[in-house]
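The values are calculated or read from the model by the stated rules, or taken from the named source; none is laboratory data. Note that this is a predicted model, so its numbers are computed, not measured. When we count neighbours, we look across all protein chains shown, and the Cβ atoms used for this are built from the backbone with ideal geometry, even at glycine. These area figures cover heavy atoms from the full protein model, side chains too; ligands, DNA and RNA do not enter into them. Shrake-Rupley method; radii C 1.70, N 1.55, O 1.52, S 1.80 Å.
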Amino acid sequence: MHIQIITLILLCLAKDVFSTNENVLCKLGDSIVLKSDSDTNSPSSILWRLGQNKVADFDKDFGTTVSYYGEFNSRTTLDTTTGELKITGLRKTDEGVYSVEFNSKRLEKTYTLSVLKPVPKPAIIVSCNDNKISCTLTCDGDTAGAEPVTYWWKVGEGNWENIGKLLTVTKSDSKLNQNGYKYTCKLKNGVSEKDSDPVGPLFDSKQSTNVGSVIGWILFTLLLIAVIISVGFCVWRNKTGPPNNTLKDFRRSVLFYFGGNKEQENQGRVESDRNKEQENQGRVESDRNKEQENQGRVESDRNKEQENQGREEQEMVNGAKGKDEDVPKDKLLPNEDGDVTNNVENPVLG
């Protein structure tokens, strides 16, 4: 029993040693030539299989015609001398393990064929947080039928790196010095590769200004101010002459100049405010005078109205007296209260 087990193990090992399999990657639509590992020339029969299905069959006993099967018909060619099988217009359905038999004996050489679509041109999708301190880059593309696919990234003119589909970039990351660079991604499989259009830079160059350049601008500005002051002092000194042309006098003159101008400006503002205040007071006084004039007119109109009322009352009184004087005394009769009145118009009393 032990001897049989050992024998089976040795047979399996021998089969693994002598059997060879080759993985083949091909692009969709391309062609491939599968060769046998046999030294036999012009075998009497040749049979290629995809798995257990026949692809091409030749047997001298049945003539010189080669039979092709299924989807391989019209796009497959078998060399009856060498046993090579050529397949054109490769399809996804052509994938699988191919084996060949010479003279009804299967050869150890096999092929595992994978048919891949070429990768599409990828596009980079950028997604940043609200304050744009960190950004995530996605290498995007329809890879259906093109798998397995690997994703590669390049920063600026650097080397390609197999990082993955996503690349995270932060503003503070100085490892790749990426703030001033553009980013490119690549899709790659066993039969093709394509690059995306570059994107970037991702961050505002003004916000990522190098500290050294800032310091350089500050030093340049200070140097320029020093040169201007020195030239100004030399011109002032030659114009003023000794003994009042020392550096101390120059500083006092500069301070007085700028301070005096400010003082004059302040005085001008105060004077302007004072004039505005006087104008406002003049307007208030004018309004008060107009109000008094209006009150005088109202008072005058009231007096005239009273005078007119007095005249009307006087005229009424005078009219009443005139009527009484025109009536004859014998027409004057006493009324019920004993007063004498004009009863001319009373026909009864008349």
Exercise. Accessible surface of Ser99 in the full protein assembly, 1.4 angstrom probe, to the nearest 10 Å²?
Worked result: 10
For this session: Express in Å², to the nearest 10, the accessible area of Cys128 obtained by rolling a 1.4 Å probe over the protein heavy atoms while all chains stay in place.
Result: 50
Seminar exercise, completed: Full extension between Ala144 and Asp130 adds, at 0.36 nm per residue less the Cα distance, a length in nm of 1.7 nm
Problem set entry | Rough spin-label spacing in nm, given labels placed 7 Å along Cα→Cβ, for Leu223 and Arg302 | 8.8
Exercise. What is the extension gain from Ser74 to Arg269, computed as 0.36 nm multiplied by their sequence separation minus the C-alpha to C-alpha distance, in nm to one decimal?
Worked result: 60.0 nm
For this session: Compute the FRET efficiency between Ser31 and Ser67 as 1/(1 + (r/R0)^6), taking r as their Cβ-Cβ distance and R0 = 25 Å, and round to the nearest 0.05.
Result: 0.75
For this session: State, to one decimal in nm, how far the label point of Glu313 lies from the label point of Arg106, with both points 7 Å from Cα in the Cβ direction.
Result: 14.8
Exercise. Computed FRET efficiency, Cβ-Cβ of Thr88 and Lys182, R0 30 Å: what is it to the nearest 0.05?
Worked result: 0.15
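Lys and Arg at +1, Asp and Glu at -1: add these up for the other residues within a Cβ distance under 12 Å of Gln309 and post the number. Mind dumping the intermediate values first?
Working: positive: Arg302, Lys304, Arg311; negative: Glu305, Glu307, Glu312, Glu313, Glu315.
Spelling it out: positives minus negatives among the neighbours equals -2.
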Exercise. Given the pairs Lys35/Lys186; Lys132/Lys182; Lys121/Lys171; Lys60/Lys92; Lys117/Lys154, which are separated by over 22 angstrom at their Cα positions?
Worked result: Lys35/Lys186; Lys121/Lys171; Lys60/Lys92; Lys117/Lys154
For this session: Excluding Ser44 itself, calculate the net charge of residues whose Cβ lies under 14 Å from the Cβ of Ser44, where each Lys or Arg counts +1 and each Asp or Glu counts -1.
Result: -2
Problem set entry | log10 of Debye I(q)/I(0), alpha-carbon scatterers only, for region 44-203 at 0.12, 0.17, 0.18, 0.20 Å⁻¹ | -0.65, -0.93, -1.00, -1.15
